[in-house]
Every structure is written in C-alpha cells, then in structure tokens.
Amino acid sequence: MHESLREKAPLFDRERMRRVIRRMAGEIVERNSGVEGLLLVGIRTRGVPLSERLAAEIERAEGAEVERGVLDITLYRDDLSTIAPQPVVKETTLPPLDGKTVVLCDDVLYTGRTVRAALDHLADYGRPRSVQLAVLIDRGLRELPIQADFAGETLTTTPDEVVEVAFPETDGDEGVRLMEKVER
C-alpha cells in the first residue's frame, strides 16, 4: 500500500495569512517592549519567509529595522539518517547572538524535534539573552517539552493529518491547508 495526501480543509488564504502574520508581529513587539536587541531567525525552509514577513510587518509598524538570520538545521536533526543518504545542507547566516532576544520562526510546530535541533545549532553561535518561538501553526502532538511563544493558529490534529504551508518564495503559492493521509 502507498500513502498519499488528500485535502481535508483549507485553513488560510493569502489574506488570512497576511492578517495572522500582522497580529503575530504586533505580539512580538509588545512582548519584547519594542525591537531593541531583537533578532528574527528563520528555520529553513518555510521559517525563512515567515521570519521575513514578520520582520517586514514589524518594520512597517515600528519604523525600525529588525535584524534577521537564517538557520539550516539539517545536520542537527535526530532523524538525519532517515531523510536522505546525502542530505543537502544550505547556508546558515547569523549575526552575533550574544545578548540578543532571538525569535526562532518556523511554519509548523509538531513534535518539537525541529526546534530542539535549532536550539542545538544556535548554541554553536553564541549565547542569546533569550530565545522565543514563533510559528504560523501549532498543531499539537508534541514529543518534546517545547511550546510556541507566538502562534498564528493552534489546531488539534491527529497523526494521520498533515499541515501544509505554502509561501510564494518556496512553493509558488500561498496558504495553509489541512491534509489527511490516505492509502491507495
């Protein structure tokens, strides 16, 4: 038997995504009393466009530029041997972290393993003052004690469901859909 995915429900269209990201950006600024010392770090792949959009919204609202970085966690994954025989590692670009408030950005929070890998990788670059987590979708079903500080939407899902996030930069489309695994 072979598994495929079937759309169960559309969650966000382009307009809803824009509103949710604007709200999240405001929450980040509010929680951190402004943008001083703030660094938004996108986890490859879809955390990067999320962090860019959050930064653009913050800059629009606050009139101040926000530092940004990109983190590739490929070599820090605990399932590295199962994802590909020779995984492709892309560039990590981070400014100095010491004393900064780092907001890790990712599209979906599920088991928590991606965030754990990101935290391990961040430790190689310095010691931030604090690390916060911003995700577009928190779908529950955690395997590790990790939680989002900022979530666009919190869903209750099952292991047979998949949340697909699309950004024009990575997928040529924009939106969020709830998919379900079906056997063919």
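Each reported figure results from applying straightforward, stated rules to the coordinates on display, with no laboratory input. All values derive from a computational prediction rather than experimental measurement. FYI the Cβ positions are ideal-geometry reconstructions off the backbone, even for glycines, and counts take in every protein chain you see.
General observations
- Between ASP173 and VAL88, the contour length at 0.36 nm per residue exceeds the alpha carbon distance by 28.3 nm.
- Here the contact order of the chain, divided by its residue count and restricted to Cα pairs under 8 Å and six or more residues apart, works out to 29 percent.
- Largest-first principal axis extents, alpha carbons of region 81-184, Å: 49, 33, 29
- Of all beta bridges that DSSP places with both ends in the chain, some 40 percent have antiparallel geometry.
- The alpha carbons of the chain give a radius of gyration and a Dmax of 16.4, 54 Å, in that order.
- Solvent-free Debye scattering, log10 I(q)/I(0), computed from the Cα coordinates of region 1-82 at q = 0.16, 0.18, 0.21, 0.22 Å⁻¹: -0.75, -0.86, -0.99, -1.03
- Considering only GLY140, GLY99, GLY69, the residue lying farthest towards the positive end of the dipole of the chain is GLY140, judged by Cα position with unit charges set on Cβ.
- Segment GLU7-ALA61, extension gain: residue separation times 0.36 nm, minus the distance between their alpha carbons: 15.9 nm
- Helix 113-123 vs. the chain, principal-axis angle (Cα, 0 to 90°, nearest 10): 30 degrees
- Fully extending the segment from LYS181 to SER130, taken as 0.36 nm per residue of separation minus the present Cα-Cα distance, adds 14.6 nm.
- FRET efficiency for the pair ASP160 and THR45, taken as 1/(1 + (r/R0)^6) with r the Cβ-Cβ distance and R0 = 22 Å, rounds to 0.40.
- Within a Gaussian network of the chain (alpha carbon springs, distance under 10 Å), most fluctuating of GLY26, GLY47, GLY99: GLY99
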